[in-house]
Amino acid sequence: MKRRSFGQLGISTCAALAIGTAQPGGWLQTLAGELATQDQSSSVTDRILVVIQLSGGNDGLNTIVPYRDELYAKARPKLGIPSNDVIKLTEELGLHPSLRAIENQFSENRFSIIQGVGYPSPNRSHFESMDIWHSCHPKKDRSQSGWLGRWITEQTAHPTSDSTAIHIGSDTLPLACQERGVQVPSLASLEQMRLKAKLDSMQDKQSRPGAEPNSKDSGSLLDFLSTSTVSALEVSERLDKILAQPDASGDFPKTALGEKLRAVSRLILSGLKTRIYYVTLDGFDTHANQPDVHASLLKQWSEALAAFLSRLKQTGQHDRVLVMTFSEFGRRVSENASLGTDHGAAAPMFLAGPKLPKIIHGPMPDLSDLEDGDLRFKIDFRSVYASVLEHWMMTDSRKALDGDYHDQVEQLRLFS
Amino acid sequence: MRPDQSLSTMDPKVAWSPWEPTAQEPWDARRVRHLMRRGGFGAKPSEVKELVELGPAKTIDRILGKNNTQALEAFEQESSQIVSAIRSSGNIESLAAWWIHRMIHTPSPLIEKITLFWHGHFATGADKVNDIELMVQQNKLLREHALGDFRKMVHEVSKDPAMLLYLDSASNRKTHPNENYARELMELFCLGEGNYTEQDVQQLARCFTGWEIRRKSFRFNPYQHDSGMKTLLDRQGIESGEEAIDAVLAHRSMPTFIAGKLVRFFVCDEPNPTAEFLEPLAEVFRKSDFTIEPLVRTILSSKLMLSDWSVGKKVRSPIDFMVESIRSLQVTTNLDRLAKGLDGIGQALFNPPNVKGWDGGRAWINSSTLIGRSNLIVDLLREPATRFGRTDLAAWLKSQQLTDQNQWLKWLEDSLLSVPLNDSDKQLLQSIAEKSDGGLDPWKRILVALSQNPKMHLS
C-alpha cells in the first residue's frame, strides 16, 4: 500500500482537527499514528473482534437444545427439536440440526456457548432491548452512545489511518458503534463504496467540501454531514486501493451474512488495521411458522461463520480474530398458536475463533423457574463484553461499559 | 425564532402560533421553497412566484386542500393504469416505481408526503406480505386517512391484512394469544415505549384473539376469541379488540406521541421535543377529535416551522433528495431503476427496514449512502431514458435561459439547497466545471459535484 505523502496527510489532519473530528475512530489520523503502525509486529494490539448481531430475538432454546428436559418437550409440543435430531454436545445439550457446519469447531476447542445471558428487568421491545445491549444502559439514563463507540475513543495508543471499527451492511449504523466525534463507516458492500464519477478536484483534500468548518456550532447537522462526507470520500479512496488488489477473501456461501463476512475477510486479509467489524443478520422474530424460518437462519449463520473461520485458518489468522454472536433477547419458553414463539428474555451468546478454554459456560437453562414465562438470566451481557474487552482486546472496559465488571470477568474466565 | 435558539428556551405556545412575515423574515421565494420542501417534494420552478404572491395563509390552504380536481382526476386515472399494469405483470417490485411516479407528478404533494409518513409509521414490508393487491390496498388506506380521523385509521390498520400478515398476527387463538400486534400497537403506533406494561401487552393480545386473516380478508372467529374481561391500561371491563383499540387511543400519551412524530417528520430531526413543548399541538389534536388535518395545519403554519429556525434542521431522506431534484429539473427517467437506487441508499418504498420504519435524521447518512447518493445521480445522468423537460440537458438549459455555468450553479443553489453555498464551495464547483474528468460534460459535472456537497443533504 502506498503511503500518503506528508503534505497531503498534514492537510487532511489539520482539516479534521479544525472541525474537531480527529478522533481515533476516524480515517484521518495523525502522522505519528501512521508511522507508529508501520513497523508494528503482530501482537495483542492486532487482535480483531467481529460482532454478529442476530436481530429479532433468536430462540436460544431451539439453538442450543436441552433435549432431555421434559419441561422443554412439554412447552414445545410442536416446535421442540426431537432428541434424535439434535447434534449432541453433552449429555444434556445439543445443537439445532441446522448447525452442522460449526460442529467441528467444538472438537477443536474454538467455540464457546455462554448460557443464560441477559440483564435485570428484561425489556421485551426489540428496539428497547437492542438499545440496552448496545448502550449498556436501561432507557432512563441512556446517552446516545454505544459500548464500542466509547471503547473506540479510548484507543489512542496505536492509532492508524484505518478506521478502528467498520460496520458492514445496509442497515443503520448500530447504536453500539456510535459516540460523539467517532465516525464508524457503514459499508453496504465494498464494491458500492467506489465513486462512479471521480472528480479530480474532489480528490484534492484541501478543497473538499467539509474540509473546513462550515458551521460554527459543532454538533449541528451540517457539521455532521461535513465530517461524514470527508470520511466517506476517504473510505472510498482506501477501498479503491484494496479492491485493486487480488481478492483473497475465499469461498463463502452466497447468502446475506456470507457476503458480509466475505467482505470482512477481504478487509482483514488486505491488511487493514481495523479492530472491530460489526455485521447483522435479521429475521429472528419468529412469531409464526418458526421451524423453517429458524432452521434456515441458523444454517445461514453457521455456514457463513464456518466459511469465515476456515478462511482465517487457511491464512493463519485464526488466532487473532474473535467472533462474538448475540441477539437482543431469547423467546418465550412456551410456543404460541401460530407455530411460533413470542418475545422472551435470557438466551445464549457465542464466541468463536481462537482457542477457548471451555465449550459451555453458565448453568443449564432452568425451565422450572421462569419469570413471566421467560428464562431468568444468569450472566449479565456486560460481563461478557467486559471479558472480551479485557481478556481478548486486552484493554480496560470500564469506560466502554460505564461500569466495573472485573469480578464477573474473573468468575467467567471466557479466555485462557 | 433565531436559528440557534434551543427548543427548551422557547415558549411552546408562541412556537406553535401562526407565523407572520416581518421585515427580517419576509414571505419570499426562499421561504416558499422551504415550506414546499417540507410539506411536499419541493416547489416546481413555475409555482414559486405564484405562491409568493398568494401569501402564506393561502399557500397553506392550497397545500392542504384538494383543489384542482380536474388535474387530480387525470392524475388518479394515470396512476390506476400503472397499478393495473403492475397487477398483470405480477412484479411487486414495481410498486415502488409507481409510488415515486405519484410523488413526482401529484397535484397534491402533501398527501403523498404524509402518506409516506404513515407508511413509515405503520411500517409494512412487501417482501414478507408478498401480495401486490394487499400492499396497494394498505397504501390506499393510509392515503385515504392521511389527514383524516386518526382513530379510524388505527382501527382499520388493525384489521388490515398486509399489516397483520407482516406482523405474523394473521391468526390469534384463545389458548395461545400472539403478542406481536398488541405490542406494536402500543409501542410504535399509538403510545411509545414506557407508556404501558408487559401485563398490558398480554391483556391486549387476549382482546385480539379470534382476529384472523383468511383468504386475504379480515375475519372475526368467535370460537377462537377469549371473551373474558380484560383490564387494559388501568381500564377495567374491556372485552373486544375494538374496545381495546379505543382504550389504547384514549390513553393520555397518544396525542403527544403522534404530534412528536409529525414534528420530527415536518420540522426538525432533533432534538426530540418534550411533552410540555408538544402540549399545544396535543391540545389541537384533542380538540379536533383526533383529526389529523388541523394538527398538520398548525405545524406547517407555525412560527417554528416558517421562521428561519427550522431551515436546515432536517437531513434529506433519499426520497426527498431524489424526488426534489427530479421535480426541479423536470426529469423523466427509468423509475424502476430509481426505485432500486433508493433501496441502495436506505429507502426502499414498501420495504421499510422493520416495523419501526425508517429512523431518519442522521441515520440516513453513512459512508455508503453518501457515496451511493452521488453514484445514483451519476447512474441517472448516464441512463439513456433520462430526459430533462422531455429533451436533453443542453436543450433544457437553453429553454431555461441558463447559458453560463455560474448561472447554472446559482439556479441549482436556489432550487435545491436550503443552506447557501459559501465562497469555497462555489470556487470548488466552478473549478470542477473547468476540469474535464469523470467522463461527463461540465454541466453534469456540477450536478455530480453538488451531490457530493454536504449541503445537498440538508433540508
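The values are calculated or read from the model by the stated rules, or taken from the named source; none is laboratory data. Keep in mind that this is a model prediction, so the values were computed, not measured. Positions of Cβ are backbone-derived with ideal geometry, glycine not excepted, and every protein chain shown enters the neighbour counts. All accessible areas refer to the heavy atoms of the entire protein, side chains included, with ligands and DNA or RNA removed. Shrake-Rupley method; radii C 1.70, N 1.55, O 1.52, S 1.80 Å.
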* Criterion (touching a helix residue (DSSP H, G or I) at 6+ places or on another chain (Cβ under 9 Å), away from chain A (no Cβ under 12 Å), crowded, with 18+ Cβ neighbours inside 10 Å and more than 28 Å from B:Cys268 (Cβ to Cβ)) met by exactly one of B:Leu329, B:Leu412, B:Leu416, B:Leu393 -> B:Leu393
* Matching residues in the stretch B:235-271 - criterion: being within 21 Å of B:Gly39 (Cβ to Cβ) and either outside any helix (DSSP H, G or I) or modelled with pLDDT under 95 (or both) -> B:Val267, B:Cys268, B:Asp269, B:Glu270
* Asked: In the stretch B:24-51, which residue that is modelled with pLDDT of 95 or more and small (Gly, Ala, Ser) is farthest from the chain's Cα centre (by Cα)?
  -> B:Ala29
* So, in the stretch B:188-211, of the ones that are facing another protein chain (nearest Cβ under 10 Å) and open to solvent by less than 10 Å² (accessible area, probe 1.4 Å), which residue ends up nearest to B:His251 (Cα to Cα)? -> B:Val201
* Asked: Tally time: how many residues in the stretch A:362-416 are open to solvent by less than 60 Å² (accessible area, probe 1.4 Å), among the small types (Gly, Ala, Ser), assigned to a loop (DSSP other than H, G, I, E, B) and over 14 Å from A:Leu49 (Cβ atoms)?
  -> 3
* Can you name the number of the only condition in (1) more than 14 Å from chain A (Cβ to nearest Cβ); (2) touching a residue at least 24 places away in the same chain (Cβ under 8 Å); (3) not in a helix (DSSP H, G or I) that B:Met36 fails? -> (3)
* **Unique residue being under 23 Å from B:Gly148 (Cα atoms), assigned to a helix (DSSP H, G or I), of a type in the set (D, E, K, R) and without any contact (Cβ under 8 Å) to a residue 40 or more places away in the chain when the list is B:Glu53, B:Glu73** => B:Glu73
* To do: Answer with yes or no whether B:Phe218 is at pLDDT 95 or above and buried (at least 20 other Cβ atoms within 10 Å of the Cβ).
  => no
* Asked: Only one of B:Ser431, B:Ser399 is out of contact with any helix residue (DSSP H, G or I) (no Cβ under 9 Å at 6 or more places or on another chain) and without any contact (Cβ under 8 Å) to a residue 24 or more places away in the chain; which?
  -> B:Ser399
* Asked: Is at least one residue of the stretch B:288-307 within 13 Å of chain A (Cβ to nearest Cβ), touching a residue at least 24 places away in the same chain (Cβ under 8 Å) and part of a helix (DSSP H, G or I)?
  -> no
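Here is a yes/no grid of residues against (1) modelled with pLDDT under 95; (2) out of contact with any Phe, Trp or Tyr (no Cβ under 7 Å at 6 or more places or on another chain); (3) open to solvent by less than 40 Å² (accessible area, probe 1.4 Å):
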position	(1), (2), (3)
A:Ser226	yes, yes, yes
A:Ala263	no, yes, yes
A:Leu281	no, no, yes
A:Gln290	no, yes, yes
* Taking only the stretch A:313-331 into account, find how many residues are more than 14 Å from chain B (Cβ to nearest Cβ), more than 16 Å from A:Ser249 (Cβ to Cβ) and part of a strand (DSSP E or B). => 5
* Could you give me the residue pairs with C-beta distances under 9 Å whose first residue belongs to the stretch A:237-248 and is farther than 13 Å from A:Leu187 by Cβ and among the small types (Gly, Ala, Ser), whose second residue is open to solvent by 20 Å² or more (accessible area, probe 1.4 Å) and outside any helix (DSSP H, G or I) wherever it lies, and which are 6+ apart or on separate chains? => A:Ala248/A:Ser270; A:Ala248/A:Thr315
* Which of (1) without any contact (Cβ under 8 Å) to a residue 60 or more places away in the chain; (2) away from chain B (no Cβ under 12 Å) does A:Leu233 not meet, given it meets every other one? -> (2)
* Can we say B:Ser399 is open to solvent by 30 Å² or more (accessible area, probe 1.4 Å), within 19 Å of B:Leu416 (Cβ to Cβ) and touching a Ser or Thr at 6+ places or on another chain (Cβ under 9 Å)? -> yes
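Residue-wise test of (1) modelled with pLDDT under 95; (2) farther than 25 Å from A:Lys241 by Cβ; (3) open to solvent by 10 Å² or more (accessible area, probe 1.4 Å).
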residue: A:Leu99; (1), (2), (3): no, yes, no
residue: A:Asn123; (1), (2), (3): yes, yes, yes
residue: A:Ser161; (1), (2), (3): yes, no, yes
residue: A:Met193; (1), (2), (3): yes, no, no
* **Single match in A:Ser334, A:Ser338, A:Ser310, A:Ser296 (criterion: open to solvent by 20 Å² or more (accessible area, probe 1.4 Å), in contact (Cβ under 8 Å) with a residue 40 or more places away in the chain and assigned to a loop (DSSP other than H, G, I, E, B))** => A:Ser334
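Examine the stretch B:366-380 for a residue that is within 10 Å of chain A (Cβ to nearest Cβ), of a type in the set (Ser, Thr, Tyr) and touching a Gly at 6+ places or on another chain (Cβ under 7 Å), and state whether such a residue exists. Can you show your working first?
Just the residues of the stretch B:366-380 that are within 10 Å of chain A (Cβ to nearest Cβ), to begin with: B:366-379.
Pick out the ones that are also of a type in the set (Ser, Thr, Tyr) and you get B:367-369, B:374.
Then keep just the ones that are touching a Gly at 6+ places or on another chain (Cβ under 7 Å); that gives B:369.
So far as the stretch B:366-380 goes, yes, one or more of its residues are within 10 Å of chain A (Cβ to nearest Cβ), of a type in the set (Ser, Thr, Tyr) and touching a Gly at 6+ places or on another chain (Cβ under 7 Å).
Over 13 Å from the mean Cα position of the chain (by Cα) and either outside any helix (DSSP H, G or I) or surrounded by 23 or more Cβ atoms within 10 Å (Cβ to Cβ) (or both): does that describe B:Val323?
So B:Val323 does not fit the description; no.
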* If A:Leu281 passes every condition in (1) assigned to a helix (DSSP H, G or I); (2) among the aliphatic types (A, V, I, L, M); (3) within 14 Å of chain B (Cβ to nearest Cβ); (4) over 14 Å from A:Ile48 (Cα atoms) but one, which one does it miss? -> (1)
* To do: Scan B:Ile100, B:Ile92, B:Ile111 and give me the residue that is β-branched (Val, Ile, Thr), away from chain A (no Cβ under 11 Å), out of contact with any Phe, Trp or Tyr (no Cβ under 6 Å at 6 or more places or on another chain) and open to solvent by less than 10 Å² (accessible area, probe 1.4 Å).
  => B:Ile100
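Can you tell me which residue among A:Val235, A:Val323 is buried (at least 23 other Cβ atoms within 10 Å of the Cβ) and closer than 29 Å to A:Ala197 by Cβ? Before you say what the answer is, go through the steps one by one.
Working: A:Val323 fails: closer than 29 Å to A:Ala197 by Cβ.
Sole residue among the options that is buried (at least 23 other Cβ atoms within 10 Å of the Cβ) and closer than 29 Å to A:Ala197 by Cβ: A:Val235.
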* Within the stretch B:419-441, work out how many residues are modelled with pLDDT of 90 or more and exposed (fewer than 15 other Cβ atoms within 10 Å of the Cβ). => 3
* Asked: Quick check: anything in the stretch B:435-450 more than 14 Å from chain A (Cβ to nearest Cβ) and either in a loop (DSSP other than H, G, I, E, B) or aromatic (Phe, Trp, Tyr) (or both)?
  -> no
